[in-house]
Structures are given as C-alpha cells and as structure tokens.
Amino acid sequence: MADEALIVLENVNKWFGPLHVLQDVDLSVARGEVVVVIGPSGSGKSTLCRAINRLEPIDSGTITFDGRPLPAEGRALARLRSEVGMVFQSFNLFAHKTILQNVMLGPVKVRKEKPAAVRERAMALLDRVGIASQAEKFPAQLSGGQQQRVAIARALAMQPKALLFDEPTSALDPEMVGEVLDVMTSLARDGMTMVVVTHEMGFARHAANRVVFMADGQLVEQASPEEFFANPKSERARDFLSKIL
Ligand code: ADP
Ligand code: MG
C-alpha cells in the first residue's frame with residue numbers, strides 16, 4: 001500500500017499562537033481512496049485540509065503529495081494547487097463571469113491552455129455535474145446546490161490528482177444537499193482521490209473507504225465506515241456520534 005500513497009502526512013504539527021491545532025498528525029491517503037474526516041467544530045479539520053494544499057504552512061513534520069514534499073512557493077506551489085483541487089463551504093464563484101467562464105478560468109489563465117480545448121472540457125464537466133444547460137448564466141441565477149456543483153466542475157477542470165472538500169454541503173438548504181453528494185459519490189466511484197470533511201454521515205457510510213475522527217487537533221481514530229459507526233473505539237468518538245446521529 002505504501003507505494004500507492006498519494007498524500008502522506010507524518011508527524012505534522014501546527015500552532016496558531018498558543019493553540020496547538022494539529023498535533024502529531026499521521027495520515028496516509030492512497031490513490032483512489034476516499035477519506036471522510038469528521039469531528040467537532042474547532043478540532044482542526046479545515047486546517048488539515050488547508051495544510052494539504054499549503055494554504056496553511058505547518059510548523060513541523062512533513063507532508064508529501066505524489067511522492068514529493070509540498071513546495072513552499074513559486075511554480076511548484078502553483079502546480080501543487082492545480083493538482084489538489086479544493087471545494088469549500090462557500091462556493092466562491094466569480095459573480096461577474098458566466099458559469100462556463102468560471103469553469104474555464106483556471107486552465108486558461110493559470111495553465112495557459114487553449115480556450116477552445118478548455119471550453120470543450122468545461123462543457124463536458126458541466127454536463128457531468130448536471131448543469132450544462134446553465135452554462136451561459138451567472139452564479140446568482142443558480143441555486144446554492146447548482147453553484148456548488150459548478151465549483152466542483154471548476155476544480156475538476158484543472159484535472160486534479162486529488163480533491164479536498166471542506167464541508168461542501170454545510171451552507172446549502174437541506175433540499176440541495178443530495179444533488180451535491182450525488183456528484184461527489186459519482187466522483188468517488190470513478191476513482192477520484194478525495195479527502196472530505198463533512199457532517200453527512202450517510203455519505204461517510206456509503207462513499208468513504210475510511211473515516212478519520214479528529215478532536216482537539218488530534219487524529220483520534222480511523223477505521224472503515226462499517227467498523228467506525230458500529231464500534232467507535234474512543235470515548236470522544238462515541239460522544240460525538242451520540243450528538244449527531
Ligand atoms: P474545524 O474545521 O475542525 O472546525 P479549524 O481547523 O477551522 O477547525 O480550526 C481549528 C482551531 O484553530 C480552532 O480553534 C480555530 O479557532 C483555530 N483557528 C483556525 N484558523 C485560525 C487562524 N487563522 N488563526 C487563529 N486560529 C485559528
Ligand atoms: Mg472547518
């Protein structure tokens with residue numbers, strides 16, 4: 001399994017001032033694996049995600065992506081960011097660009113790819129997330145669920161090796177959560193490597209290969225969803241599950 005690892009965190013520590021937000025975190029994500037990260041608010045889940053594409057530098061330990069330590073700056077960092085797509089709670093689409101332009105922007109502006117080829121790929125991705133008919137509209141004309149699906153298409157347009165999702169459905173009205181989770185489930189089935197922070201336990205049960213439970217900056221336990229939900233080992237995980245299930 002070791003040579004199949006795409007994302008490897010070893011002994012990672014991160015402080016915000018006196019706050020030790022990541023404490024000796026070890027985590028390895030294999031190619032094609034879907035890891036769901038759960039845990040109470042403030043436990044360090046977002047910081048973990050942000051550390052993986054170096055939106056947040058770490059203070060000690062190592063993170064490697066696809067066999068290389070995370071680059072700190074320059075072109076190598078730009079390449080890392082395009083190889084590790086990120087989907088946030090807030091969709092962050094450009095309001096004054098159309099849906100299609102939003103999806104095309106990264107490959108055209110950052111990667112200098114030819115617009116004609118990117119357009120074709122972008123339309124195929126919009127079709128894949130079920131939004132092709134909305135391509136010429138602006139973000140505000142779409143529902144939250146549709147906008148989040150566009151954000152996923154935008155991340156995919158960079159042809160990432162992995163996707164990180166940080167509570168992608170937390171800002172959505174309940175009736176729109178399912179359509180976004182369906183897209184994510186389909187990506188998972190297609191073999192995309194994914195790290196997903198979510199409170200959607202149904203998604204964790206059905207789509208995750210592994211569930212990781214974090215609390216107070218520590219990776220407290222990790223197991224298959226079957227094992228984790230049936231038999232959480234730590235008191236903190238049992239307590240957390242009793243509150244959300
Ligand atoms: P989670 O995503 O699990 O809710 P976060 O990773 O966002 O947790 O935050 C972990 C801890 O770090 C929290 O106590 C949070 O308040 C703190 N924190 C997050 N970002 C910053 C920051 N930029 N500066 C200071 N503290 C931060
Ligand atoms: Mg968070």
Rounded to the nearest 10 degrees, the helix 174-189 long axis (Cα) sits at an angle to the longest Cα principal axis of the chain of 90 degrees
Using alpha carbon centers only, region 75-95 is separated from region 152-193 by a whole-angstrom value of 13 Å
Counting only protein heavy atoms and leaving out ligands, DNA and RNA, the solvent-accessible surface of M158 at a 1.4 Å probe, in Å² to the nearest 10, equals 30 Å²
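Tell me the carbon and sulfur percent of the accessible area for the chain, rounded to whole percent, probe radius 1.4 Å. Show your work: numbers first, answer last.
On the way: 5820 of 11500 Å².
Answer for the chain: carbon and sulfur cover 51 percent of the accessible area.
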To the nearest 10 degrees, the tilt of helix 144-157 (Cα long axis) against the first principal axis of the alpha carbons of the chain is 90 degrees
For region 7-100, dividing by residue count, accessible area per residue (probe 1.4 Å) in Å² works out to 46 Å²
From the Cα centre of region 213-245 to that of region 109-150, the distance in Å is 37 Å
Cα pairs beyond 28 Å in the chain, in percent, come to 32 percent
Sorted by accessible surface (1.4 Å probe, heavy atoms of the protein chains only), largest first, E56, E200, E4 come out as E4, E200, E56
Calculated from DSSP helices alone, with each H run of at least 4 adding -39500 (n - 2.57) and the total divided by the residues of the chain, [θ]222 nm to the nearest 500 comes to -11000 deg cm²/dmol
Rounded to the nearest 5, the percent of DSSP beta bridges in the chain running antiparallel is 55 percent
Measuring from the longest principal axis of the C-alpha atoms of the chain, the long axis of helix 74-83 (C-alpha) lies at a number of degrees, nearest 10, equal to 90 degrees
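The values are calculated or read from the model by the stated rules, or taken from the named source; none is laboratory data. Computed from a predicted model, the values in this text were never measured in an experiment. Please note that ligands, DNA and RNA were not included when accessible areas were found on the heavy atoms of the full protein model with its side chains. Shrake-Rupley method; radii C 1.70, N 1.55, O 1.52, S 1.80 Å.
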